[in-house]
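The values are calculated or read from the model by the stated rules, or taken from the named source; none is laboratory data. Remember, it's a predicted structure, so these values are computed and weren't measured experimentally. In this analysis, Cβ positions are derived from the backbone assuming ideal geometry, glycine residues included, and neighbour counts consider all displayed protein chains. Areas reflect the complete protein model, heavy atoms only, side chains present, ligands, DNA and RNA absent. Shrake-Rupley method; radii C 1.70, N 1.55, O 1.52, S 1.80 Å.
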Amino acid sequence: MRAKPRVLVVGGGIAGLSAAFRLQQAGCETVVLESAGPELAGGRMATVNVSGFAVNRAATILIHSYRELIRLVAAAGLADEVVPGSDLFGLVRGGRVDRVRLGSRRQLATGGLLTSFPSATSPSCCATTAAYARC
């Protein structure tokens with residue numbers, strides 16, 4: 001009998017976890033190494049505990065144009081966990097909540113929403129980042 005191929009996946013972000021999942025589907029034995037530890041498996045898509053609350057570090061919106069991610073969710077048997085939602089969300093800017101429709105990625109990129117965010121080096125962005133880091 002031939003042994004299963006053994007594969008080491010370096011990085012437990014969404015790409016590494018997806019690769020390990022697909023390799024397992026193909027009959028490989030996989031081990032995933034994540035430098036941040038198992039509690040942060042998922043990388044930028046991890047769920048963390050903040051004062052007893054589960055907080056998703058990633059976006060909670062999965063638009064229909066992300067076909068590969070939707071196929072991965074289905075292959076993992078999690079399609080029933082994805083629930084339809086509105087494309088309307090609120091964005092706090094200047095002390096008020098602006099209502100924004102997500103629409104397509106093209107609309108998102110050209111609609112002015114992304115240009116309304118401060119640059120990564122601006123003082124307001126750094127202050128906001130520092131406030132989130134204290135959570």
> In 10 Å bins starting at 0, how do the alpha-carbon pair distances of region 47-103 split up by percent?
Replying inline: 18, 36, 36, 9, 0
>> What is the distance in Å between the Cα centroid of region 21-98 and that of region 1-16?
In response: 20 Å
> Given a 1.4 Å probe and the protein chains all in place, what does the accessible area of Glu68 round to, in Å² to the nearest 10?
Replying inline: 120 Å²
> Tell me, in nm to one decimal, what length is gained between Ala79 and Ala3 on full extension, where the rule is 0.36 nm per residue of separation less the Cα-Cα distance?
Replying inline: 24.2 nm
> Mind listing which trypsin sites (Lys or Arg not before Pro) in region 1-51 are in a DSSP loop and have 15 or fewer other Cβ atoms within 10 Å?
Replying inline: Arg2
